[in-house]
Every structure is written in C-alpha cells, then in structure tokens.
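Enquirer: This is the structure I want to talk about, given as structure tokens.
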Amino acid sequence: MPDIKRTSMEPQETSSEVNLAQPSKKKSGWSSKIVVIIIIIVVILVGLFLVSKYTSWNILNVDKDGFSAHTTGWQAVFLSNGQVYFGQIAKQTEKSLVIKDIYYLQVSQQIQPAEAGQEPQQNLSLVKLGNELHGPQDLMTINMAHVLFTEELKKDSRVVDAIKRYLEEGEF
C-alpha cells in the first residue's frame, strides 16, 4: 500500500495567516530606533544648553546675562550724573550697557568775564572718546543702575551731522 498518504487532522496555516499573526519586526525596529535617536539628541542638546547657561562652561556660547541690543544708528545714553554719551549700543544686559564709537558733549566757558548785565556764554563741543590724556579705548561698559534712559537719534540731528563730519574730515 504504498499509495496511501497520511494526512493530519490539524488545520494547516496558509502563508497569509502567518504574516497577519506575527507583525513585521523590520518596520517597527527602524522607526523605534529613529525615535530613540531623536529623543537622545534632544536630551543632549537641552543638557548642553543648561550647562552653558548656568555654569562657567559656556559650550554653546549662550548669552547668560540678557540680550544683545539690536539698534541701528546712533544712540544718546543719559546717565544719573548728568553726563550724556552718544554712540552705538553694542550689547545690553540687565546689569550693563556696552557702547562703542563714543562721543560726548564738553562745555567750555569764555575766559574773559562778560560785560555787566550779560551772562557768560557757554560753548558746547562734541568730543570723540579716546582723545583724552589717559587715552581710553572707544568702548565703554556702563552699569545699568546709572543709566536713566537711552534715545535713538534722528539721522538728521545736529549731533549725528557733527559725527558724520568728524568721520569724513577727521574733525568737528
């Protein structure tokens, strides 16, 4: 009886049923790996930011004190001691204000006394910082506690005109 085939009574699975019962490992493996990699990168970047912000290791060059000033043109900086400086704001934080290309007003009085009944004339002149005896650099950091306010100067103001003349001719 060699022609007799034995068959089992157990149901046989077809190839389509096998695929439905077991999810594909390749698809979920790659997508989960990508998600894990993205999460790790985000955690590392947040960690580097916090280390840069709150420690002396400024890895990401984070501005710890405040913000950089985004002003254009010339500014007038009024101080609590009555002094006014004209320049360009390079940086401003909660604690300090940094200005560059600095000019200030100098008051000079006539040497000879005025005639009776007349008040002495005062001459105002604009002076470039750096030409003084002690030779300071043309950059100043001012404590914000002494800054009353700042104003942006008009492009056609007399101070801006004098600064432009100085830059073109080298004198006021």
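Enquirer: Once amide H atoms are placed 1.01 Å from N in the peptide plane, what residues at a sequence separation of 5 or more from Leu129, or on another chain, have their amide H within under 5 Å of its amide H?
Expert: Ile102, Tyr103, Tyr104
Enquirer: Going by how many other beta carbons lie within 10 Å of each one, how would you line up Lys164, Lys128, fewest first?
Expert: Lys164, Lys128
Enquirer: Right, next: Go through Lys95/Lys164; Lys53/Lys91; Lys91/Lys164 and tell me which ones have a Cα-Cα distance over 25 Å in this structure.
Expert: Where the Cα-Cα span goes over 25 Å, the pairs concerned are Lys95/Lys164.
Enquirer: Once the other residues with Cβ under 13 Å from the Cβ of Gln75 are scored (Lys, Arg +1; Asp, Glu -1), what is the net sum?
Expert: The answer is +1.
Enquirer: Let me ask another. Taking neighbour counts of Cβ atoms within 10 Å as a proxy for exposure, in what order, fewest first, do Leu48, Leu124, Leu129 appear?
Expert: In order of increasing Cβ crowding within 10 Å: Leu124, Leu48, Leu129.
Enquirer: Going by how many other Cβ atoms sit within 10 Å of their own, how do His134, His146 line up, fewest first?
Expert: Arranged by neighbour count, lowest to highest, His134, His146 become His134, His146.
Enquirer: At 0.36 nm per residue, minus the direct Cα-Cα distance, what do Glu94 and Leu45 gain on full extension? Give it in nm, one decimal, please.
Expert: 15.0 nm
Every read-out reported here was derived from the displayed coordinates using simple, explicitly stated rules and does not represent laboratory data. Fair warning: this is a prediction, and the values are worked out from it, not measured in the lab. Counting neighbours? That spans all protein chains shown, and the Cβs are built from the backbone with ideal geometry, glycine included.
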